[in-house]
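The values are calculated or read from the model by the stated rules, or taken from the named source; none is laboratory data. Bear in mind that the values here come from a model prediction, so they are computed numbers and not experimental data. For neighbour counting, all protein chains shown are included, and Cβ atoms are generated from backbone atoms with ideal geometry for every residue, glycine included. For the accessible areas, the whole protein counts, side chains as well, though only heavy atoms, and no ligand, DNA or RNA atoms are used. Shrake-Rupley method; radii C 1.70, N 1.55, O 1.52, S 1.80 Å.
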Amino acid sequence: MALRLLYGVILGIVVGELTSAALGGGPLTLAIAIFCATALARMLGGARIVVVQAAAGAILTVVAADGTVGVQRLIDALIGAGVALSFSQFLFSPEPVALLRRAERL
């Protein structure tokens, strides 16, 4: 799940940065960035969460575009994914045997 979120955010940031660099700012740039990010996420076979995160990443990047926001948001996304993975896999990892026994009972 965390990797899908990261994939969508990276896609949105890249599309938002490229759109801002090519077209400048404004509502039309925002609309084009959202459309391109969601379309690209769907074409690459992304799940719904990837599409949503791509759109959100594009929105935040275009709205706050000052040249460094995309890189800062990318670093924040990498840190967030690392924290999420460490919590879900190391600190609070699911017990696979208990999950299998629970699935057997159903």
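A few points about this structure:
Residue-wise test of (1) at pLDDT 95 or above; (2) of a type in the set (Asp, Glu).
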site	(1), (2)
GLY12	no, no
VAL15	no, no
THR19	no, no
ALA22	no, no
GLY25	no, no
ALA39	yes, no
GLN53	no, no
GLY57	no, no
ASP66	no, yes
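- Candidate set from the stretch 68-103 (those that are among the β-branched types (Val, Ile, Thr) and more than 14 Å from LEU6 (Cβ to Cβ)); member that is surrounded by the most Cβ atoms within 10 Å (Cβ to Cβ): VAL69
- Looking only at residues in the stretch 2-60 that are open to solvent by 80 Å² or more (accessible area, probe 1.4 Å) and within 21 Å of ILE75 (Cα to Cα), the one that is farthest from the chain's Cα centre (by Cα) is ALA21.
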